[in-house]
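Let me begin by presenting the structure, written as structure tokens, before commenting on it.
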Amino acid sequence: MNKLFLIIGMAFLLISCESREDKIQKAVSQELKGVLYDFESYEPVKTQIDSAFFSPYIDPEIKSLMMAFAKPAQELEAAKRDYNNALSSIALWDMPYGSAYSRQQRKEAISERDAAKKKIENIQMQLKSTIKSLYAQVLKDKTKDNEFIGWFVTQRYKCKTGGGYPAFGDDVFVFNKDMTECTFHMEIEEYKGLCDFIDQLMAVPEDEFMKRIENMDLLEQ
């Protein structure tokens with residue numbers, strides 16, 4: 001019986017002595033398991049661990065709002081191309097003594113211009129709403145800055161792509177205090193873009209921000 005207790009005690013000691021680095025690596029692996037194309041080829045290269053203090057830069061709500069911002073922004077670029085192409089077509093078929101064909105082409109181009117303009121206006125409404133929400137969340141976050149929430153981790157790793165080629169990844173993670181939950185995860189280049197955008201928002205006073213939003217006209221940009 002004493003031998004059994006000794007074995008159990010040694011097992012408990014081994015579990016309790018698991019290092020912070022080991023726990024973080026397990027947590028990172030678990031997070032990447034559902035993300036990487038070929039997880040079996042995953043190999044960590046360099047990991048850095050720091051204390052994580054709450055800030056707008058690692059707020060999951062802000063990340064979600066940024067993701068909601070990305071798709072309409074891409075749609076905007078396509079809509080603006082359609083709008084400008086339609087304007088070019090209108091000018092091309094604008095003939096004082098044009099044929100029935102040229103008049104029809106111009107009519108169709110005008111219709112395409114109006115449709116693209118309407119789409120741009122709708123996207124502009126979406127983007128204004130999302131930017132306002134982002135700005136409000138940043139202001140809210142600033143009131144609880146520097147609260148210790150867990151661990152900030154950056155890792156470079158190797159993993160095969162869908163084509164079977166080896167590639168490097170660089171990601172940012174935030175884990176809770178006991179390292180059981182990943183609350184934030186982004187590729188490092190996306191994270192830098194997020195930080196830059198937040199810095200731009202925080203640099204604008206609230207009254208000036210609202211004025212800029214109201215005056216924003218994406219057709220003129």
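A few points about this structure:
- Inter-label distance, D178 to Q104: 7.3 nm, where each label sits 7 Å from its Cα along the C-beta direction.
- Solvent-accessible surface of the chain, taken per residue with a 1.4 Å probe and all protein chains present: 65 Å².
- FRET efficiency, Y165 to A136 (Cβ-Cβ, R0 41 Å, nearest 0.05): 0.40
- Furthest towards positive pole of dipole, Y135, Q74, F168, structure part the chain, Cβ charges: Q74
- Amide H partners (placed H, <5 Å) of G150, local residues excluded: A52
- Sequence-distant lysines (8 or more away, or on other chains) whose Cα lies within less than 19 Å of K23: K33, K46, K177
- Given R0 = 45 Å, the distance between the Cβ atoms of S111 and T47 translates into a calculated FRET efficiency of 0.20.
- Net charge over other residues, Cβ less than 9 angstrom from the Cβ of S41 (K, R count +1; D, E count -1): -1
- Atom-type composition of the exposed protein surface of the range 64-221 places 51 percent of the accessible area on carbon and sulfur (1.4 angstrom probe).
- Sum of -39500 (n - 2.57) over DSSP H runs of 4+, divided by residues of the chain (222 nm, nearest 500): -20500 deg cm²/dmol
- Label positions at E61 and A73, each projected 7 Å from the Cα along the C-beta direction, are separated by 2.1 nm.
- When the P(r) is computed for the range 91-221, the part past 22 Å accounts for 64% of the Cα-Cα pairs.
- Local charge for D82 was computed over the other residues whose Cβ lies under 12 Å away, with Lys and Arg +1 and Asp and Glu -1, and equals +2.
The values are calculated or read from the model by the stated rules, or taken from the named source; none is laboratory data. Keep in mind that this is a model prediction, so the values were computed, not measured. Glycine also receives a Cβ, built like all others from the backbone with ideal geometry; neighbour counts cover every protein chain displayed. The protein model used for the area step is the full one, side chains on, heavy atoms only, and it has no ligands, DNA or RNA in it. Shrake-Rupley method; radii C 1.70, N 1.55, O 1.52, S 1.80 Å.
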